[in-house]
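Asker: I have a structure here, written as structure tokens, and I will follow up with some questions on it.
The values are calculated or read from the model by the stated rules, or taken from the named source; none is laboratory data. Small disclaimer: the values here were computed from a predicted structure and weren't measured. Quick reminder, even Gly has a Cβ in these numbers, built from the backbone with ideal geometry, and neighbours come from all protein chains shown. In case anyone asks, the SASA skips ligands and DNA or RNA and just uses the protein heavy atoms, side chains included. Shrake-Rupley method; radii C 1.70, N 1.55, O 1.52, S 1.80 Å.
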Amino acid sequence: MSSLETFRTQTRAWLEANCPASLRGPAAAGELVWGASRIEFANEDQQLWFERMRDRNWFCPAWPEAYGGAGLASEEVAVLEQELRRLRCRPPQINLGIWMLGPVLLEYGTEEQKQRLLTPMTRGEVRWCQGFSEPNAGSDLANIRTSARDEGDHFVVDGSKIWTSYGDKSDWMYALVRTDNSSGKKQEGISLLVLDMHSEGVEARPIDLISGKSSFCEVFFDGVKVPKENLIGPLNGGWTLAKKLLQHERSAMSKFGEFSLPTHFDLMSILREYLPQARTASDHVLEARAQACALDEQAYNLTVQRMGEAARDGQDVSGIASIMKLVHTEQEKTKFEILVDAMGHRALGWDGYEFSAQELAISKAWLMSYTQTIAGGSSEVQLNVIAKRVLQLPDASKGGAK
């Protein structure tokens, strides 16, 4: 037996023995564990699964052991992910730091920053939020106004961010700030900072959403002191790091279905529940739409696996990640529109005993599916990225020149 086959056998046995049965399958809304300084578990199984994966360093299996990872080879990471999927294990924690900032720190951070910031991520001890979007900037990410003024041994940050997911619950933020206004190009003069959300002068205000949740916040900065050692990468060189970070964000979002996150409802089983047998022409049309959507979802999941294998082989998958983010979020929106058509008013519940927990979850997930086509770069932005950077098409706004 090869060493990789031995690793698979041992990994499979460990997961079978250590992943609680209740955590195999999609999570309901509110059942996800977020790594944080004040971590909360809904039940003992969640805590057990979190602690077992943490102690094995499998929150970040590919990261170096020096920073809290398991130091696994790419082939071993692939095996671990396959075995997790086979058992349908839920993620032991959700952590934006691991998904987005961590890979950027590994590439651009100083040794001191890696030691200080990465290890708490790998132990699920810090909750991170992203400070990119700003009021009046829309999807024009470079059009930021939040500034960081140089005051010798520290920066002073003033301004605000918006659509910050869980800003009111996070410990730290990675943020784009303007550190130089002298250049005529808006992409220049931007830096990437990390800042403590408990600092004096930081205020996070939740924004109510149509889905009934309040995961988004507006965050205000009023004379916030940030030590110079919290500058990631070069001063005024943050735009390059931002593009890298967004690639990791889109890659993570493209795997939401694979992660068994709450939106991963089984379309065909729910359709059969509400439409056991097609009787009218409309029923047959709806059934055909659902079957086509299910096939698209299966093709998407297989492509995600192929993308992961290519990434582990060292291939550049940044362009594919943009495509997959676009495809996945649009597919999810289509899936929920089909479910709403099949369930009728049963998919339009809000709260109350007359609706089942599944119906209420689908109703809110349907509304949330629209926000996913905006978060992390709207579908329209993704189409522009794909046209310009992936397909290298001429820029129509510049008279057709690239």
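Asker: Suppose we keep only residues that are among the aliphatic types (A, V, I, L, M) and modelled with pLDDT under 90 within region 329-351. Which one would you say is least open to solvent (accessible area, probe 1.4 Å)?
Answerer: Ranking the candidates gives 347 first.
Asker: Considering only region 113-124, I want to know if a residue exists there that is touching a helix residue (DSSP H, G or I) at 6+ places or on another chain (Cβ under 9 Å) and at positive phi.
Answerer: yes
Asker: Looking at 375, 321, 361 in this structure, which one is within 30 Å of residue 72 (Cα to Cα) and of a type outside the set (Ser, Thr, Tyr)?
Answerer: 321
Asker: Residue by residue through region 114-155, note down the ones that are among the charged types (D, E, K, R) and open to solvent by less than 50 Å² (accessible area, probe 1.4 Å).
Answerer: Across region 114-155, the qualifying residues are 114, 127, 134.
Asker: Are any of the residues in region 311-318 touching a Lys or Arg at 6+ places or on another chain (Cβ under 7 Å) and crowded, with 16+ Cβ neighbours inside 10 Å?
Answerer: Looking through region 311-318, none of the residues is touching a Lys or Arg at 6+ places or on another chain (Cβ under 7 Å) and crowded, with 16+ Cβ neighbours inside 10 Å.
Asker: When only residues in region 162-174 that are at pLDDT below 95 and not in a loop (DSSP other than H, G, I, E, B) count, which is most open to solvent (accessible area, probe 1.4 Å)?
Answerer: Taking the candidates together, the pick is 163.
Asker: Does residue 354 satisfy being free of Cβ contacts under 8 Å to residues at least 40 places away in the same chain and either open to solvent by 80 Å² or more (accessible area, probe 1.4 Å) or in a helix (DSSP H, G or I) (or both)?
Answerer: yes
Asker: Also, I was wondering about something else. Name the residues in region 212-231 that are at pLDDT 95 or above, of a type in the set (Lys, Arg) and either in a strand (DSSP E or B) or within 19 Å of the chain's Cα centre (by Cα) (or both), would you?
Answerer: 225
Asker: For region 48-93, how many residues meet the condition of being surrounded by 15 or more Cβ atoms within 10 Å (Cβ to Cβ), part of a loop (DSSP other than H, G, I, E, B) and under 20 Å from the mean Cα position of the chain (by Cα)?
Answerer: The qualifying residues number 11.
Asker: For residue 198, all conditions in the list (1) surrounded by 14 or more Cβ atoms within 10 Å (Cβ to Cβ); (2) modelled with pLDDT of 90 or more; (3) part of a loop (DSSP other than H, G, I, E, B); (4) out of contact with any Lys or Arg (no Cβ under 7 Å at 6 or more places or on another chain) hold save one; what is the number of the exception?
Answerer: The failed condition is (1).
Asker: Consider residue 96 carefully, then state whether it is more than 25 Å from residue 164 (Cβ to Cβ), at pLDDT below 95 and surrounded by 21 or more Cβ atoms within 10 Å (Cβ to Cβ).
Answerer: no
Asker: Also: Within region 321-328, can one find any residue that is surrounded by fewer than 18 Cβ atoms within 10 Å (Cβ to Cβ), part of a helix (DSSP H, G or I) and touching a residue at least 24 places away in the same chain (Cβ under 8 Å)?
Answerer: No, that holds for no residue.
Asker: Could I ask something else about it? Which numbered condition trips up residue 269, out of (1) surrounded by 15 or more Cβ atoms within 10 Å (Cβ to Cβ); (2) at pLDDT 85 or above?
Answerer: Residue 269 satisfies every listed condition except (1).
Asker: Checking the structure you have, find out if any residue of region 249-262 is at pLDDT 75 or above and not charged (D, E, K, R).
Answerer: No: region 249-262 contains no residue that is at pLDDT 75 or above and not charged (D, E, K, R).
Asker: So, one more: Among (1) crowded, with 16+ Cβ neighbours inside 10 Å; (2) modelled with pLDDT of 95 or more, where does residue 111 come up short?
Answerer: Among (1) crowded, with 16+ Cβ neighbours inside 10 Å; (2) modelled with pLDDT of 95 or more, the lone unmet condition for residue 111 is (1).
Asker: Checking the condition closer than 30 Å to residue 368 by Cα, open to solvent by 70 Å² or more (accessible area, probe 1.4 Å), charged (D, E, K, R) and touching a residue at least 60 places away in the same chain (Cβ under 8 Å), which residue from 24, 12 passes?
Answerer: Of 24, 12, the one residue that is closer than 30 Å to residue 368 by Cα, open to solvent by 70 Å² or more (accessible area, probe 1.4 Å), charged (D, E, K, R) and touching a residue at least 60 places away in the same chain (Cβ under 8 Å) is 24.
Asker: Among the residues of region 61-71, are any on the phi > 0 side of the Ramachandran plot and without any contact (Cβ under 8 Å) to a residue 40 or more places away in the chain?
Answerer: yes
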